[in-house]
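Following: one structure in structure tokens, then a few remarks.
The values are calculated or read from the model by the stated rules, or taken from the named source; none is laboratory data. Everything quoted here is computed from the prediction, not taken from an experiment. Ideal geometry is used to build each Cβ from the backbone, glycine not excepted, and the neighbour counts take in all protein chains shown. Please note that ligands, DNA and RNA were not included when accessible areas were found on the heavy atoms of the full protein model with its side chains. Shrake-Rupley method; radii C 1.70, N 1.55, O 1.52, S 1.80 Å.
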Amino acid sequence: MAGYKLVYFNGRGRAETTRLLFALSEIEYEDVRISIEQWPALKPKTFAGYLPFLEVDGQVLVESMAIARFVAREGNLAGACSFEQAQIDSILDILTNVFEKGVQMVIYAEPDDKAKLRRELVEKTFPYVLKLLEKFLQEHQYFVNDKLSLADLHFFSVFESATPVYDGWPDLSPKLKALYDRVAATPRISEYLKKRPATLF
Ligand SMILES: N[C@@H](CCC(=O)N[C@@H](CS)C(=O)NCC(=O)O)C(=O)O
């Protein structure tokens, strides 16, 4: 089996979906967590100048969602056919838009703009996106072909990060909250969640 080394900061952020994929598919990997103090010296030595990156037998992959898709394929969690893969991609893209808006608000926005951006997330983005995602889920247990996949894990990961921004989101979609809880209760995932380092984001 290939040697995998995932390098990110000590947080969930853009690496957590990949960690969940490794946990669910029981693929061993090295979970390297760089401290803020270590980063300035390491940054210029990295391929892209940002994290995460994944080393696969010494070769480097960058971009969090490309990494997640790759690990999902390695663990058979990326969809069973080309169409399912595309359905998963649709869901990932929808979730990535929400995630990036959250990052803009929490990390990059000027203090004066934060309240407006948060209001937009709570009043517009979350209600719209949750309604849209419910269309994919319908009455099923999981988003794509009723099988747990990268799409469900990324949903869990993004909405775990969304919770500190707006912990009322479950009221907007009890169905998607049930999916969130179902993912968290999946045996290998729940074991991982108990063991992982506790971090703010
Ligand atoms: N599009 C990239 C963005 C990566 C990114 O912005 N990483 C941040 C951490 S979440 C980073 O490395 N920041 C430190 C820096 O740019 O020096 C991805 O999804 O992997």
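I need the full set of residues from the range 184-201 which are closer than 13 Å to E26 by Cα and hydrophobic (A, V, I, L, M, F, W, C), in order please. Matches in the range 184-201: I189 only. Once the range 5-20 is narrowed to residues that are open to solvent by less than 20 Å² (accessible area, probe 1.4 Å) and of a type in the set (A, V, I, L, M, F, W, C), the residue that is nearest to the ligand (Cβ to nearest atom) is A15.
The number of residues in the range 159-198 being part of a helix (DSSP H, G or I), under 20 Å from R33 (Cα atoms) and open to solvent by 60 Å² or more (accessible area, probe 1.4 Å) comes to 3. Here are A2, A23, A41: which of them is more than 9 Å from the ligand (Cβ to nearest atom), touching a Phe, Trp or Tyr at 6+ places or on another chain (Cβ under 7 Å) and among the small types (G, A, S)? Sole residue among the options that is more than 9 Å from the ligand (Cβ to nearest atom), touching a Phe, Trp or Tyr at 6+ places or on another chain (Cβ under 7 Å) and among the small types (G, A, S): A23. For the range 162-176, the condition holds for at least one residue, the condition being that it is under 21 Å from V103 (Cα atoms), more than 15 Å from the chain's Cα centre (by Cα) and touching a residue at least 60 places away in the same chain (Cβ under 8 Å). Only a single criterion out of (1) in the same structural domain as L133 (by TED's automatic domain parsing); (2) surrounded by fewer than 20 Cβ atoms within 10 Å (Cβ to Cβ); (3) in contact (Cβ under 8 Å) with a residue 40 or more places away in the chain is not satisfied by F201, namely (1). Considering only residues of the range 44-74 that are within 12 Å of the ligand (Cβ to nearest atom) and polar (S, T, N, Q), which is nearest to F99 (Cα to Cα)? Among those that are within 12 Å of the ligand (Cβ to nearest atom) and polar (S, T, N, Q), it is S64.
Residue count for the range 35-47, restricted to those that are in contact with a strand residue (DSSP E or B) (Cβ under 8 Å, 6 or more places away or on another chain) and either part of a helix (DSSP H, G or I) or surrounded by 10 or more Cβ atoms within 10 Å (Cβ to Cβ) (or both): 4.
Among the numbered conditions (1) within 17 Å of K147 (Cβ to Cβ); (2) within 14 Å of the ligand (Cβ to nearest atom); (3) touching a Lys or Arg at 6+ places or on another chain (Cβ under 8 Å), the only one that A78 does not meet is (2).
Pairs needed: first member in the range 35-56, charged (D, E, K, R); second member anywhere, near the ligand (Cβ under 10 Å from one of its atoms); C-beta distance under 6 Å; at least 6 residues apart or different chains. Listed pairs, sorted by first residue: K43/G49.
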